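Since the structure comes first, as structure tokens, the remarks are kept for the end.
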Amino acid sequence: MTEKVATHPHVRNHYNNRELSWLQFNARVLQEANDKKIPLIERLRFLGIFSNNLDEFFKVRYATIKRIVEAGKMGRNFLGGISAKDLLEEITQTVIDQQAHSLKILSDIQKELRKENIFIINETEVSPQQSKFISEYFVRHVSPAMMTIMIGELEEFPSLRDSAAYLAVTMVMSKEDNTFETKHNYALIEIPRTIDRFVVLPQQGEKQYVIILDDLIRHCLHNIFSIFKYESISAHMIKITRDAELDIDSDLSRSFIDKISKSVKNRSTGDPVRFVYDKSIDKKTLQFLLNKMGIDKTDSIIPGGRYHNRRDYMDFPRLGRPDLQYEPKEPLPIPGLSLQGSLFDKILDKDYLLHAPYQTFMYVVKFLREAALDPKVKSIKITIYRLAEVSHIASSLINAKKNGKDVTVQIELQARFDEEANIEYAELLQSEDVRLIFGVKGLKVHCKVCVIERLENDKLVRYGVISTGNFNESTAKLYTDYTLFTANQKICKEINKVFEFFEVNYQVKKYRHLIVSPHYTRNALYHLIETEIKNKKAGLPSGIKLKLNSLSDFKMIDKLYEASRAGVKIKMIVRGICCLIPGVKGMSENIEAISIVGKYLEHPRLFIFENAGDTKVYISSADFMGRNLDNRVEITCPIYDGDIKKEILENFEIGWSDNVKARVISIKNDNAYLKNNKPPVRSQFMMYDYYLNKLEVN
């Protein structure tokens with residue numbers, strides 16, 4: 001049983017609040033945008049990531065807290081000691097401060113871009129030559145795609161699309177115009193999503209010019225509203241964010257795909273949770289909009305800058321300037337595993353580990369392509385959570401089916417914000433007669449596994465793939481993840497058991513090697529931590545090393561606190577949410593934690609236990625969050641191969657030695673960079689060199 005944590009007067013609560021901790025993570029993303037050592041265009045992209053993260057945060061987490069408030073509940077136990085009402089206020093103030101900081105960073109970046117002869121201009125800075133180009137571009141490309149609604153005299157205000165950007169247009173009408181009864185009239189222009197947000201204008205000598213689509217439209221306001229007579233016209237940006245919770249109906253006559261499709265469509269009319277507006281908008285227009293949209297005090301009302309949807313900066317044009325971007329690194333091969341020959345023959349001899357993006361994800365694609373063609377392969381079973389927009393994985397599965405293989409795909413239709421894409425792929429696979437499973441009622445399937453059955457010398461041999469990340473070629477270029485290829489028949493048999501559970505989920509399977517959520521992971525991890533406590537008390541080698549995306553489960557945190565008080569040294573690399581407070585005397589003084597935010601998104605989950613000198617190493621799809629432990633199907637896989645175990649331990653030490661992109665997680669919550677007197681170590685760059693050296697040695 002977990003020991004109760006004593007009260008510490010200098011710690012307000014024993015846990016960081018999950019939402020505020022997440023905002024601290026997003027502040028680390030903003031730090032990257034502010035880092036002058038990072039190439040300029042990459043800094044713009046980090047601003048885009050910061051904005052995109054914030055949109056998703058409001059759609060999901062803020063919306064959840066708002067529902068608690070509206071239900072008349074305090075939520076202190078659920079929220080780690082803070083009331084839901086107070087939390088909403090703290091979130092809003094934090095976001096206002098971060099938004100102001102992001103605008104300052106954007107202004108600084110634009111100044112630096114001008115030094116590089118790159119000018120992001122607005123509608124007031126357009127030259128006559130550029131004006132002609134813009135007018136023609138508007139007529140040809142923008143006007144046909146644009147939606148303009150006259151809202152001044154509409155009885156019912158139109159429903160604004162979630163996270164779409166709108167220009168709120170105010171016209172002060174001329175006395176000569178009798179079209180409207182009121183002197184002030186209003187319109188909404190939806191910024192088209194089908195057109196690039198950044199329009200590159202003709203280059204003038206050494207100077208390059210870019211205009212944001214919003215300003216291009218502002219430049220053409222007189223063209224749009226030429227039928228009206230007005231004294232003045234202005235346009236200010238607004239954006240609304242809606243609750244993204246899916247409300248799935250219980251109609252038994254409808255297929256699960258239909259239910260999810262309907263629910264995703266209904267998301268566009270979800271309750272508003274955030275309203276962002278250009279702070280220079282006049283008060284009369286702002287009040288008109290708030291009244292018409294029914295925005296109330298439980299919504300987050302954020303005064304912002306001239307532009308919203310800064311997530312579009314993730315796709316800022318390259319402008320032929322590789323010097324203003326990260327130097328591209330070609331993904332490396334895995335030593336001893338050629339993409340030219342048969343992977344099955346190699347994997348039968350030993351396990352192999354792929355560490356993306358340092359090593360090429362093409363091994364996963366090659367593995368499935370080979371399986372699709374190999375006459376000895378009889379069946380393929382795979383879980384799908386998020387696929388690339390154009391997926392070679394899906395193509396290989398369809399190819400396998402056409403070649404007579406028995407193909408089973410468990411596809412998660414409720415993967416957040418990928419529901420529509422997964423529905424499309426589900427329908428495509430279904431049309432090709434691929435057998436689909438839609439998981440287990442009440443559980444998301446978040447594990448990433450594949451098992452292939454191959455007939456060799458009249459004997460069925462299984463080959464398995466277990467990954468910490470999605471089978472997705474696109475994210476494999478941006479996310480760091482581990483993928484294990486194995487022909488260990490004990491592990492592969494247990495992967496097959498997971499698929500049997502999908503089929504007959506009232507039967508809970510037993511496993512001796514894999515640790516599977518929701519039935520076993522929590523207790524298995526408790527047992528592993530408890531073993532380290534016992535070893536420490538017995539004077540045996542002990543210690544815990546964790547690499548996680550998020551740590552928010554209070555019971556798991558209490559167990560780690562218990563280990564710390566027993567003297568077990570715990571090192572954690574936690575990219576995002578960390579509700580555990582490290583370094584507090586009498587509670588967590590033996591726990592150290594850092595967060596690494598850099599060129600790539602740190603995504604693997606690693607669990608390392610000293611185990612009295614016989615180190616246990618696991619890779620996992622699960623974070624230490626309640627949903628991963630109790631409400632999802634997750635797989636944690638032991639690493640048995642000695643070389644791979646050594647590789648992962650060395651990888652962890654590289655991350656732990658980072659003193660360039662590592663931030664210290666502490667009670668201060670200040671995102672302080674880890675500083676020491678050692679030579680600079682930028683772990684993501686050093687990791688690439690680590691694998692490059694492995695190739696040279698081999």
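Just so you know, all these numbers are worked out from the coordinates, no wet-lab data involved. Just so we're clear, the structure is a prediction, and the values are computed from it rather than from any experiment. Note that we place each Cβ from the backbone using ideal geometry, even for glycine, and neighbour counts take in every protein chain shown.
Things worth noting here:
- The range 343-503: relative contact order in percent, alpha carbon pairs under 8 Å with at least 6 residues between: 31 percent
- In order through the range 233-242: 3J(HN,Hα) via Karplus (6.51 cos²θ - 1.76 cosθ + 1.60), integer Hz, x for Gly, Pro: 9, 9, 9, 10, 6, 9, 8, 10, 10, 10
- For the chain, averaging the sequence separation of C-alpha pairs within contact (under 8 Å, six or more residues apart) and dividing by the residue count gives a relative contact order of 12 percent.
- Under-5 Å amide H pairs with Met237, H placed in peptide plane, nonlocal only: Ala168, Asp278
- Comparing Cα centroids, the range 421-470 and the range 12-31 end up 36 angstrom apart.
- Exceedance of the 19 Å cut-off in Cα-Cα distance is limited, within the set Lys366/Lys405; Lys569/Lys661; Lys350/Lys493, to Lys569/Lys661.
- In terms of surrounding Cβ atoms within a 10 Å radius of their Cβ, Asp196, Asp458, Asp558 rank from fewest to most as Asp458, Asp196, Asp558.
- Dipole size of the range 326-389 about its Cα centre, with +1 on Lys/Arg Cβ and -1 on Asp/Glu Cβ: approximately 260 debye, rounded to the nearest 20.
- Filter on Lys59/Lys284; Lys547/Lys571; Lys59/Lys239; Lys448/Lys509; Lys444/Lys616; Lys37/Lys694 - keep pairs with C-alpha separation over 20 Å: Lys59/Lys284; Lys444/Lys616; Lys37/Lys694
- Overall form of the range 323-394 per C-alpha gyration tensor (a/c, 1.5; a/b vs b/c): oblate
- Beta bridges per DSSP with both ends in the chain, % antiparallel, nearest 5: 70 percent
- Using just its DSSP H runs of length 4 or more, each adding -39500 (n - 2.57), the chain gives a mean residue ellipticity at 222 nm of -11000 deg cm²/dmol after division by all residues.
- Three-way shape call for the range 515-697 based on the alpha-carbon gyration tensor, with the a/c threshold at 1.5: rounded
- For the range 305-460, share of DSSP beta bridges that run antiparallel, in % to the nearest 5: 45 percent
- Karplus-derived 3J(HN,Hα), 6.51/-1.76/1.60, for each residue of the range 136-148, Hz, glycine and proline x: 5, 5, 4, 5, 6, 10, 8, 3, x, 9, 8, 10, 10
- Percent RCO, i.e. relative contact order, over the range 515-697, from Cα pairs under 8 Å lying at least 6 residues apart: 23 percent
- Between amide H atoms placed 1.01 Å from N, distances below 5 Å from Ala662 occur with Leu674, all of them 5 or more places distant or on a separate chain.
- 3J(HN,Hα) along the range 106-122: 4, 4, 5, 5, 5, 5, 5, 4, 5, 5, 9, 6, 10, 10, 9, 9, 10 Hz, from the Karplus curve 6.51 cos²θ - 1.76 cosθ + 1.60 with θ = phi - 60°, whole Hz, x for Gly and Pro.
- Rounded if a/c under 1.5, otherwise prolate or oblate - the chain, Cα gyration tensor axes: prolate
- In this structure the amide hydrogen of Asp351, modeled in the peptide plane, comes within under 5 Å of no amide hydrogen from residues 5 or more places off or on another chain.
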